[in-house]
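Right, one structure below, let's go through it.
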Amino acid sequence: MYTSLFDSFFSDSFLAPHRTVYVVSDSQLEELKKRQHQEELDNLTESRKRLEANYQSRIKILDERETEIKEELKTLTPAEKEAVKA
């Protein structure tokens, strides 16, 4: 029997997503969980390294800018004292 497009559209098989079911043994499941946890741990470790490297880079930039400002203040301070005396 042929079904119309209307019937096909509203049928359960057309609207319901197709699901795939995998059957694995307990040992395979444990190995999969172990591998997923190890991947997550590796990702966290790499993220931490990148974050620490970015943090150290930013601190270096801030330290350099602080040094520049202090040097500029040293050069401006004698000029201000001379201006006050005059």
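Rolling a 1.4 Å probe over the protein heavy atoms gives the range 20-67 an accessible area of 100 Å² per residue. Surface composition of the range 16-76: carbon plus sulfur atoms hold 55% of the accessible area, using a 1.4 angstrom probe and ignoring ligands, DNA and RNA.
The values are calculated or read from the model by the stated rules, or taken from the named source; none is laboratory data. Only a predicted model underlies this, so the values are computations on that prediction, with no experimental measurement involved. Only protein heavy atoms, including side chains, enter the accessible area calculation; ligands, DNA and RNA are left aside. Shrake-Rupley method; radii C 1.70, N 1.55, O 1.52, S 1.80 Å.
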